[in-house]
Structure formats: C-alpha cells, structure tokens
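First comes the structure, then the notes that go with it.
The values are calculated or read from the model by the stated rules, or taken from the named source; none is laboratory data. Because the structure is a prediction, the values reported are computed rather than measured. Virtual Cβ from ideal backbone geometry, glycine too; neighbours counted across all protein chains shown. Note: areas computed on protein heavy atoms with side chains; ligands, DNA, RNA excluded. Shrake-Rupley method; radii C 1.70, N 1.55, O 1.52, S 1.80 Å.
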Amino acid sequence: MVSRVIPVDPFDLVIFGGTGDLARRKILPGLFRRFNSGQMPEEARIIGAARSDMGREAFQDMIRKAVEEFGGPHDPEALTEFVGRLDYVAVDAMGDGGWEDLKGKLRAGVVRAFYFSVGPSLFGALAERLRGFGLADDDSRVVVEKPFGHDLASARALNVTLREHFHEEQIYRIDHYLGKETVQNLMAVRFGNMLFEPLWNAQYVDHIQITVAETVDVGGRGGYYDKAGAMRDMVQNHLMQLLCLIAMEPPARFEPDSVRDEKLKVIRALDPVDYHQIVRGQYEADDSQPGYRAHVDNQRSTTESFVAMKLAISNWRWAGTPFYLRTGKKLRARASEIAVVFKDAPHSIFGPEAGTHRNVLTIRLQPNEGMTLGVTIKEPGPGGMRLIDVPLDMSFADALGPDAEDVPDAYERLIMDVIRGNQTLFMRGDEVEAAWAWTDPIIEGWTARGDVPKPYDAGSSGPEDALMLMHKDELKVARYPGLRAGRLTGRPMARTPAQASREEEA
Ligand code: NAD
C-alpha cells in the first residue's frame, strides 16, 4: 500500500500569531511535514504576521528552531529549503501599521488563506482590516482557532463579526479533533462497511461510551482553563463532535454540508441533561504533586477538571440508548475511545449457566489506534458449553504497516483542506451555536446552584460518582474503556460500585 500525496494548488498562507505557541508547536512543523511529503507546491508561500518587530531572517530562525524542537526527525537540507519559503511582516491587529507591507507580499492568481492563530478578541479587528486594506476578497479563506466563544452569546457575536466580512463558505472553524485520522475513520467504519450500520441503532445497541481521558494536568494553561473547565474546553467541542460522528444518520455524500447537516441534527436532538446525570470532578494534590487549585492558582476554584454525563438523543434511531461521555485531566491513563456496547442476544440456547455475553466494539482514537470487537466463543476444552469473550483486535499500525506512520497529523491535514477549499472537517457556524445552546444551561445550572466539583485522586479514574452513573443503570459492562490498558479484557463484569472502585484503583 502506498500513500498518495496529491499536491495542492499554489497558495499564500498568512499566519496571524505566527510567532505564538500554536504556530511554533503545531502549525509550522505540520506545514514542514507537508512540504517534505511533496504536498506543498513550489509556488507556495507562508507569511508569519505578528506584533513582534522582527525581520524575515529572525522569523526563519525562530521557525527552524521550532521545527527542530517539535517537528520530529527531519532532513536539515529540506528544512533550509522550507524556511526559505517563509516571510514575515510585523502587524498589529488593532493598528494600521504593516498592512500595506503585507498586501505587497500577496500574489494574484494563487489561493489566499489567513490563519487567525490569535485570541478570539482579535478576530473582528483582523477581519475588518483584511477587507479594509484590500487584502482579502470573496475567494479568500480565513481559519479561526478554538475557543470559538465561551457561551452561545459570545459565539453568536463572533459569527456575526466574521460574517460581516466573509461568507460562511470562506470561514474554516478548526476543531483539530476532526482532523485526526482515527476520527475520520469513524465515518469510514460506519459507512464503508455493511456489517455495522444495520445494527447501529437503539434496537441493537445497549449504550455507547465516549471517553477522552488525559494524564496531564492543566499545564501552563491554568489561567484560561480555570475560566473554561472540562465542559467548555472538551465537551462542547471535541466530545460533541465525536458524539455527532457516532450518532449521525448517513449523509448522502461525503461533502461539507451533507455531513454538517447530519451532525447538526444530532446536537439538536439531544435532550437537556438532568442535573443528576452529570458528575463534575476536580483533581486533588497527592504526595508529590499539587492539585488543580494550586495549578490554576485559585484556592477557591469551583471549575471542573473532569466531567461525566449520561445523554439521550431523542430521535427514532437512538431513543432509549444512553450515551455516556466523560473526560478529565490527571486520570490514570491517556485514552480516547468509543465503546459501542451491543445488547444481549434475545435468547440463550446455552442456558443460564453460560451467563450473558455482549459484543462490544471499541474504537481507539489514541493511543494504539485501532478497533477491537469483543466476540463470544466456546471456552476450549471438554466439560460442556462454557462461553467466554475474546477480543478480535486490530491495530491500524499493524494492519497498515509503514504507511500508518506517514499520515498527516490533524493540523497538517486541516490546513491542506483549507487550501483545497474543503470544509467537511470544519465546524459550521450553526453547529457551533447549537453545541453552545445545549451546553449553556448546564453551566448556568452549576453556577446558579453554587455547584462544587467532587474531588478525585490524581491518577485515578475520576470521582466514584462517575462510575455510579452507570451502575445506577445496572449496566453489565461498566468498565472504563481505555483505562484498562486499552483492550477488552474478556468477560463482561457485573460489579458493585465498591468493587469497581477497588479495581480501578488497582
Ligand atoms: P500565544 O500567546 O503563544 O501567541 C499569540 C500570538 O498572537 C503571538 O504571535 C502574538 O505576537 C500574536 N498577537 C497577539 N496580539 C496581537 C495583535 N494585537 N496583533 C497581531 N498579533 C498579535 O498564543 P497561542 O498559544 O499561539 O494561541 C493562539 C490562539 O490559538 C489562542 O486563541 C488559543 O486559545 C488558540 N489555541 C492554542 C492552542 C495551543 O496549543 N497553543 C491550541 C488550541 C487553540
């Protein structure tokens, strides 16, 4: 199998915030990898634009160091050639200096894209100046970073501001989760196989678990995170996107609006969440490390670093099938996984002593990307018909060989999609607003009640109440996917909360 690299059209890409953390860690190392793979044509140019008063050479030096640090193994000659394509202009989004200079560097007849890798408070000023100084026209594209607002009102205001200057078809709202190979694979698995889709509904699916667990703490983002929390930082965007891809109806075509229309319908079909169906948590200090409150430098913080919830989608396909979402920081394992737990067979011909067994399809987004299907077989050996569950396990790395290492990361892929003019993997304005419209009442409810998150131990599986969420439903498969080494371990387990808790801590 050989990966095919199709070069994109020649482009001028201006990165506002080109000297910032995101540009240095992700965007430019990603562009270098696309350059290396032959996807960037000879005529492509990248222009950094930021407030720092530096020259072209200083910017090239900065990016060379960034690629060396964050870009993985590379060929130094290729890197020299790549940085030779970089230019820099000092502009202040809020001022009028530098814009004519930037305009002079842009060429006619190539794709023109502007990446807003700056805080959202600058989006309006940038959009206005791009139009005012005549840098952007109706064919130009703008890429905007998350967070896209912090509630419905602010997201709407951002949409209004951007649409004053650009059409929706020109606006690329990034949720880098959608650029992940394995996330796109969700659509391939669902809609490229006859096997799954006929069973993909409330008649056959008992429940679905979506888990994005991180081992890291809030890191250097404490100030931002304490104002956002897990609900805004992860659920409103990344987990909501995963939920949409898992639950949506088959779009007629793999085209931007077909896909985004179906995702939007899922968000709009979500029931409001009852307070009792949500667990919030905050990680505590342990012997060696400070807890959440110390990390964000706010001893009275009531922001959640963990959230787990049970959701219902009110439509014909999913009525009666609960979706369990959870995400958190400082958990015992790093794992992004979706587990589709099928119902029991309607009748067991093997009698009650064979027990109940369920098929579970686990899709691992990271790490060890792949899929595992738990199937029930006869336990080998004499002595009657005893059943056991075994994993049919596939790791994409094993299945695809060296090609699996060569796939572009999320940012690389998404930037190339911008140049191609393909919005399928970007969020549409109404989608973002619908997600906030569903999220807002939950957060407002917490604030109104003065809700305080439940403490949990760093390195654990989150507050015990999160496990209780599932036990209340007497689910037979109550494990945390991914928090058990990323593999199905065999038998479905009926566990009491106390047992579950002991096992999770083991
Ligand atoms: P940063 O503070 O490291 O960099 C900000 C950049 O914006 C700098 O290049 C700075 O010169 C430029 N800038 C600031 N004010 C300006 C002005 N008035 N005019 C022109 N340029 C100006 O920030 P960052 O971490 O690179 O993040 C940029 C945006 O991306 C933020 O909105 C952030 O929330 C978002 N984001 C960042 C990450 C990440 O991993 N860093 C991930 C997702 C989203």
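The table below gives the values:
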read-out: Approximate spin-label separation THR356-LYS227, in nm, with each point projected 7 Å along Cα-to-Cβ; value: 4.8
read-out: 222 nm mean residue ellipticity, helices alone, for the chain (DSSP H n ≥ 4; -39,500 (n - 2.57); rounded to 500); value: -9500 deg cm²/dmol
read-out: Extension reserve of the ASP138-ASP440 stretch, reckoned as 0.36 nm per residue once the Cα distance is removed; value: 105.4 nm
read-out: Dipole of the chain [Lys/Arg +1, Asp/Glu -1 at C-beta], most positive-end residue of VAL67, VAL390, PRO453; value: VAL390
read-out: DSSP H segments from the chain that extend 18 Å or more along their own axis, Cα-based, with Kyte-Doolittle mean of -1.0 or above; value: 56-70, 152-165, 256-269, 429-449
read-out: Inter-probe distance in nm under a simple model that places probes 7 Å from Cα toward Cβ, at VAL407 and ALA345; value: 3.3
read-out: Listed residue (LEU102, GLY328, PHE166) projecting farthest to the positive dipole end of the chain, Cβ model; value: GLY328
read-out: Top positive-direction residue, dipole computed over the chain with Cβ charges, set ALA252, ALA308, ALA136; value: ALA308
read-out: Rounded to 5, the percent of DSSP beta bridges in the chain classed as antiparallel; value: 55
read-out: Whole-number percent relative contact order across the stretch 11-145, with pairs defined as alpha carbons under 8 Å at least 6 apart; value: 31
read-out: Amide N of the stretch 3-33 lying under 18 Å from the label point, which is placed 7 angstrom from the Cα of GLU42 along Cα→Cβ; value: 6-12
read-out: Probe 1.4 Å, accessible area per residue of the chain, Å²; value: 44
read-out: Candidate lysines - alpha carbon under 22 Å from LYS227, same-chain residues fewer than 8 apart omitted; value: LYS146, LYS329, LYS330, LYS454
read-out: Rounded to the nearest 20 debye, dipole of the chain from Cβ charges on Lys, Arg, Asp, Glu; value: 840
read-out: Length-normalised contact order for the chain - Cα pairs under 8 Å, 6+ apart - percent; value: 17
read-out: Alpha-carbon centroid distance for the pair the stretch 249-326 / the stretch 65-128, whole angstrom; value: 34
read-out: Straight-distance crosslink candidates among lysines, where the alpha carbon sits under 26 Å from LYS378 and sequence neighbours closer than 8 are dropped; value: LYS343, LYS476
read-out: Segments 95-108, 163-176 sorted - mean Cβ within 10 Å per residue, highest first; value: 163-176, 95-108
read-out: Carbon + sulfur, % of accessible area of the chain - ligands and nucleic acids excluded, 1.4 Å; value: 52
read-out: Size of charge dipole - the stretch 155-207 - debye, nearest 20, with Cβ of Lys, Arg +1 and Asp, Glu -1, no other charges; value: 100
read-out: Computed FRET value (nearest 0.05) for LEU122 with ILE388, which takes r as the C-beta separation and R₀ as 60 Å; value: 0.55
read-out: Label zone at LEU199, where the point sits 7 Å out along the Cα-to-Cβ direction: the stretch 354-371 residues whose backbone N lies under 15 Å; value: 357-363, 371
read-out: Distance (nanometres) between label positions extended 7 Å along Cα→Cβ at HIS150 and SER288; value: 3.4
